[in-house]
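S.K.: Encoded as structure tokens, here's the structure I'll be asking about.
The values are calculated or read from the model by the stated rules, or taken from the named source; none is laboratory data. Keep in mind the model is a prediction, meaning the values are calculated, not measured. Cβ placement follows ideal geometry from the backbone for every residue including glycine, while neighbour counts extend to all protein chains displayed.
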Amino acid sequence: MSRPRKCRRILGTPRVTYFKPQGIPMTELDEVVLSYEGHEALRFADLEGLGQEEAAQSMGVSRHTFGRILADARRVVAQAVIHGMALRIQGGDYVVAGCQRATAGRGPGCGSGKGFADDATDRMQPTVKECNMSKIAITSEGPRLDDQMDSRFGRAAGFVVVDLETMETQYIDNGQSQVMAQGAGIQAAELIARAGVSCVLTGFVGPKAFRALSAAGIKVGQNLEGITVREAVERFKNGSVELADRPNREGGR
């Protein structure tokens, strides 16, 4: 029986998770994937200039493991730059230190949201905002927290934007999407991206809209319907909304 892989500790997931060469359609591009722990290793070693011993301690791994993560990450970035490929940042075996919500990795126990009971975690303790989850949008049939969620994304009536720290709300009307023959999902993604949200809660998201949201660094919580906006927010705050890594609808919307 193989030994389960240990989750790598990161301070937070990046806001921007997709990069592509300018002027080349997505359909013509090959794609490489950089894991969240690879992104963290690059930040520690190449941006902040930490030594491998210190960086490994911050991530809760051995120096050897950190070196391997860093080498893999550099190779992925080099592939994207040299061969003109799109770069997606997602997935891996990781846990966000100090966050109260699940952040899914592949290994058993990853993404438990319980953090680590050690000195390194005590020093970090990122807030919800540092985990890029302080401002979220919910597809809604109306402007109030007690209005019903709209299960559609691209053709939702509108979006209630909620600041999780203050619970202040803002409503973004999406009525123009109702008359669009196509591209409603991409248009909706641009609307909420301009509002500065980091996550959207909805029912169903098609592949084009999901791709646009990912490119804007916006996480997606889907499969939510039949509840109010307020209930959706509470589920998110309680950690019962799983963030998606793929769309749950084949067509648009």
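S.K.: Could you pull out the residue among Ala193, Ala189, Ala215, Ala184 that is under 22 Å from Thr13 (Cα atoms) and either in contact (Cβ under 8 Å) with a residue 60 or more places away in the chain or not assigned by TED's automatic domain parsing to the domain that holds Pro143 (or both)?
M.R.: After ruling out the rest, the residue left standing is Ala215.
S.K.: Is it the case that Ala181 is outside any loop (DSSP other than H, G, I, E, B) and either within 21 Å of the chain's Cα centre (by Cα) or of a type outside the set (Ser, Thr, Tyr) (or both)?
M.R.: Values: outside any loop (DSSP other than H, G, I, E, B): no; either within 21 Å of the chain's Cα centre (by Cα) or of a type outside the set (Ser, Thr, Tyr) (or both): yes.
Judged against the criteria, Ala181 is not a match.
S.K.: Within segment 158-178, which residues are part of a helix (DSSP H, G or I) and touching a Leu at 6+ places or on another chain (Cβ under 7 Å)?
M.R.: Answer for segment 158-178, where residues must be part of a helix (DSSP H, G or I) and touching a Leu at 6+ places or on another chain (Cβ under 7 Å): there is none.
S.K.: Being over 19 Å from the mean Cα position of the chain (by Cα) and either surrounded by fewer than 20 Cβ atoms within 10 Å (Cβ to Cβ) or over 19 Å from Phe204 (Cα atoms) (or both) is the filter here; which residues of segment 133-154 pass it?
M.R.: Glu141, Gly142, Pro143, Arg144, Leu145, Asp146, Asp147, Gln148, Ser151
S.K.: Which residue pairs have Cβ atoms under 6 Å apart, sit 6 or more places apart or on different chains, and have a first residue in segment 63-77 that is without any contact (Cβ under 8 Å) to a residue 12 or more places away in the chain and a second that is part of a helix (DSSP H, G or I) and among the aliphatic types (A, V, I, L, M)?
M.R.: That search, which allows pairs on different chains as well, returns Arg63/Ala56.
S.K.: When you go through (1) under 20 Å from the mean Cα position of the chain (by Cα); (2) free of Cβ contacts under 8 Å to residues at least 12 places away in the same chain; (3) exposed (fewer than 14 other Cβ atoms within 10 Å of the Cβ) one by one for Val16, which number turns out not to apply?
M.R.: Among (1) under 20 Å from the mean Cα position of the chain (by Cα); (2) free of Cβ contacts under 8 Å to residues at least 12 places away in the same chain; (3) exposed (fewer than 14 other Cβ atoms within 10 Å of the Cβ), Val16 violates only (2).
S.K.: Name the single residue, out of those in segment 210-253 being assigned to a helix (DSSP H, G or I) and hydrophobic (A, V, I, L, M, F, W, C), that is farthest from Asp146 (Cα to Cα).
M.R.: Result: Ala215.
S.K.: Every residue in segment 70-99 that is touching a Leu at 6+ places or on another chain (Cβ under 9 Å) and β-branched (Val, Ile, Thr), please.
M.R.: Correct list: Val76, Val77, Val81, Ile89, Val96.
S.K.: Could we say that Ile89 is at pLDDT 90 or above, more than 26 Å from Ala212 (Cα to Cα) and touching a helix residue (DSSP H, G or I) at 6+ places or on another chain (Cβ under 7 Å) here?
M.R.: no
S.K.: Same structure, new question: Just a yes or no: is a residue in segment 147-154 at pLDDT below 95, assigned to a helix (DSSP H, G or I) and not assigned by TED's automatic domain parsing to the domain that holds Ala41?
M.R.: Checked segment 147-154: no residue is at pLDDT below 95, assigned to a helix (DSSP H, G or I) and not assigned by TED's automatic domain parsing to the domain that holds Ala41.
S.K.: So, one more: Would you mention how many residues in segment 216-253 are under 17 Å from the mean Cα position of the chain (by Cα) and either of a type in the set (Ser, Thr, Tyr) or over 23 Å from Leu164 (Cα atoms) (or both)?
M.R.: Here the count works out to 4.
S.K.: Another question about this same structure. Of a type in the set (D, E, K, R) and closer than 14 Å to Phe159 by Cα - does that describe any residue in segment 235-251?
M.R.: The answer is no; no qualifying residue exists.
S.K.: Across segment 178-196, what is the number of residues that are touching a helix residue (DSSP H, G or I) at 6+ places or on another chain (Cβ under 7 Å) and either of a type in the set (A, V, I, L, M, F, W, C) or crowded, with 22+ Cβ neighbours inside 10 Å (or both)?
M.R.: So the count comes out to 6.
S.K.: Does Gly49 satisfy being surrounded by 14 or more Cβ atoms within 10 Å (Cβ to Cβ), at positive phi and more than 19 Å from the chain's Cα centre (by Cα)?
M.R.: So Gly49 does not fit the description; no.
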